[in-house]
Amino acid sequence: MKIVILDGYTENPGDLNWDSIKAFGDELAVYDRTSLTNIKEVNERIGDAEIVFTNKTPLCRETFESCKNMKYVGVLATGYNVVDVAAAREKGVTVTNIPSYGTDAVGQFAIALLLEVCHHVGHHDKAVHEGRWESCPDFCFWDYPLIELAGKTMGIIGFGRIGQVTGRIAKAMGMKVVAFDEHPSDSGRAVADYVGLQELLAQSDVISLHCPLFPSTEGIINKVNIAKMKNGVILINNSRGPLIVEQDLADALNSGKVYAAGLDVVSSEPIKGDNPLLKAKNCMITPHISWAPKESRQRLMDIAGDNLKQFLEGNTINAVTP
């Protein structure tokens, strides 16, 4: 059995191994990257393989029609929008994803973004190394307002596993936590008070996004909803870039309506040079790395191997195709 991994580098840049997947094939081909736009290259690399893994390389209808040996596609991520699931279903190809591997890491990173907004640790470290503290007439200095979070309200939009982890950390720092989710749960109620979206927008000093990208959530942060927020609100997003209308957020940052934003995702990745957020005031952007601690990537790889094992044994799990 032939296994192909189309874009393995971000998952494993060399600090892990592919043994959990290699064990199930006679031949394993691992490509660091495969074109996101050249369907011919995608099809040639898959060839007659029965098992295919992808992270961000799209698998379109043409690929499912051309690569007739494919029986299984493992998405090395939670989101599976890169796969034409309808075409896979029609061709009898099983598609699985990794629904939970980086919950703690992503929640931790959301708080890291928030703390950086509040304290600008990186900036002040750089200032010290540049000699500014040494030449300062006072025993301390700071370039940005420093913000204490205790007593403030964090509103979390999307209160599943990651949202709840983020909420627990915020609560441990003395914050009040409110949440909006279309499917409230008992585990969520143990962390936060559920409120309506409009109430959350009006109450929150910090808003953190942890919802999936659906038609109902795309562009949920827009000029209309921003106008309902407190003046000086802080926005955190390490969920999905298209949850935000980026020009609207840039305008709000530049006007001061939104004090600061900490973002790990944008609408088009890698970010494009004309993204308005690159020039917006108080906007911190990191390159989609919330998920990437080695522990999380190892967990992802282990789950990917188990997904394949269960499929081959006839006990498919984490399937996104019936």
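The values are calculated or read from the model by the stated rules, or taken from the named source; none is laboratory data. The structure displayed is predicted, hence computed values, not measured ones. Cβ coordinates were reconstructed from backbone atoms using ideal geometry, including for glycine residues, and neighbour counts include every protein chain displayed.
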Answer with yes or no whether A110 is in a helix (DSSP H, G or I), at pLDDT 95 or above and assigned by TED's automatic domain parsing to the domain that holds I156.
yes
Would it be correct to say that A110 is touching a strand residue (DSSP E or B) at 6+ places or on another chain (Cβ under 8 Å) and small (G, A, S)?
yes
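Is the stretch 269-286 home to any residue that is in contact (Cβ under 8 Å) with a residue 24 or more places away in the chain, of a type in the set (A, V, I, L, M) and within 30 Å of N318 (Cβ to Cβ)?
As a first pass, look at the stretch 269-286 and keep what is in contact (Cβ under 8 Å) with a residue 24 or more places away in the chain: 269, 275-277, 279-284, 286.
Now restrict to residues that are of a type in the set (A, V, I, L, M): 277, 280, 284.
Among the residues that remain, those that are also within 30 Å of N318 (Cβ to Cβ) are: none.
Checked against the condition, which is being in contact (Cβ under 8 Å) with a residue 24 or more places away in the chain, of a type in the set (A, V, I, L, M) and within 30 Å of N318 (Cβ to Cβ), the stretch 269-286 yields no hits at all.
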Apart from one, (1) crowded, with 16+ Cβ neighbours inside 10 Å; (2) over 13 Å from A304 (Cβ atoms) all hold for S35; the odd one out is (1)
Test G74 against the criterion of being touching a residue at least 40 places away in the same chain (Cβ under 8 Å) and within 14 Å of T321 (Cα to Cα), and give yes or no.
yes
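So, in the stretch 117-130, of the ones that are touching a residue at least 24 places away in the same chain (Cβ under 8 Å) and more than 30 Å from R189 (Cβ to Cβ), which residue ends up surrounded by the most Cβ atoms within 10 Å (Cβ to Cβ)? Break it down into steps so the answer makes sense when it comes.
Of the stretch 117-130, the ones touching a residue at least 24 places away in the same chain (Cβ under 8 Å) are 117-120.
Narrowing the set further to residues that are more than 30 Å from R189 (Cβ to Cβ) leaves 119-120.
Numbers: H119: 16, H120: 21.
If we take residues in the stretch 117-130 being touching a residue at least 24 places away in the same chain (Cβ under 8 Å) and more than 30 Å from R189 (Cβ to Cβ), then H120 is surrounded by the most Cβ atoms within 10 Å (Cβ to Cβ).
This table checks each residue for (1) at pLDDT 95 or above; (2) in the same structural domain as Q298 (by TED's automatic domain parsing); (3) surrounded by fewer than 17 Cβ atoms within 10 Å (Cβ to Cβ); (4) polar (S, T, N, Q).
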site	(1), (2), (3), (4)
L59	yes, yes, no, no
F64	yes, yes, no, no
N69	yes, yes, yes, yes
V73	yes, yes, no, no
Y80	no, yes, no, no
D84	yes, yes, no, no
Looking at the stretch 228-250, which of the residues that are among the aliphatic types (A, V, I, L, M) and not in a helix (DSSP H, G or I) is farthest from the chain's Cα centre (by Cα)?
M229
